[in-house]
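The values are calculated or read from the model by the stated rules, or taken from the named source; none is laboratory data. Remember, it's a predicted structure, so these values are computed and weren't measured experimentally. Cβ sites come from the backbone with ideal geometry, for glycine too, and all protein chains shown count toward neighbours.
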Amino acid sequence: MNVNQNTNTSRNQNAAILATLKRGERLTSLEALDRFGCFRLPARIYDLRGQGYDIEDRTVATQSGKRVKEYWLKREGSA
């Protein structure tokens, strides 16, 4: 369980991240930091998965060659 002393911020970030994923967008940690001020996207993904959302991830290479995780919401009926 995520123990967070700032639950309101986490809750707001979870809602914003979930809305983004529901629109079919994909997110990386850098994008989450830029868009939502979220320094810990993996923790927010953990929270959302714990709420029953089927969020998938994969490692992708950026233009600079860095490897980062990318997250998206699995659509029903997709493999």
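In summary, Tyr71 fulfils each of the numbered conditions (1) surrounded by 14 or more Cβ atoms within 10 Å (Cβ to Cβ); (2) at pLDDT below 95; (3) of a type in the set (Phe, Trp, Tyr) with the single exception of condition (2). For the stretch 37-62, filtered to residues that are modelled with pLDDT of 95 or more and among the hydroxyl-bearing types (Ser, Thr, Tyr), the residue that is surrounded by the fewest Cβ atoms within 10 Å (Cβ to Cβ) is Thr59.
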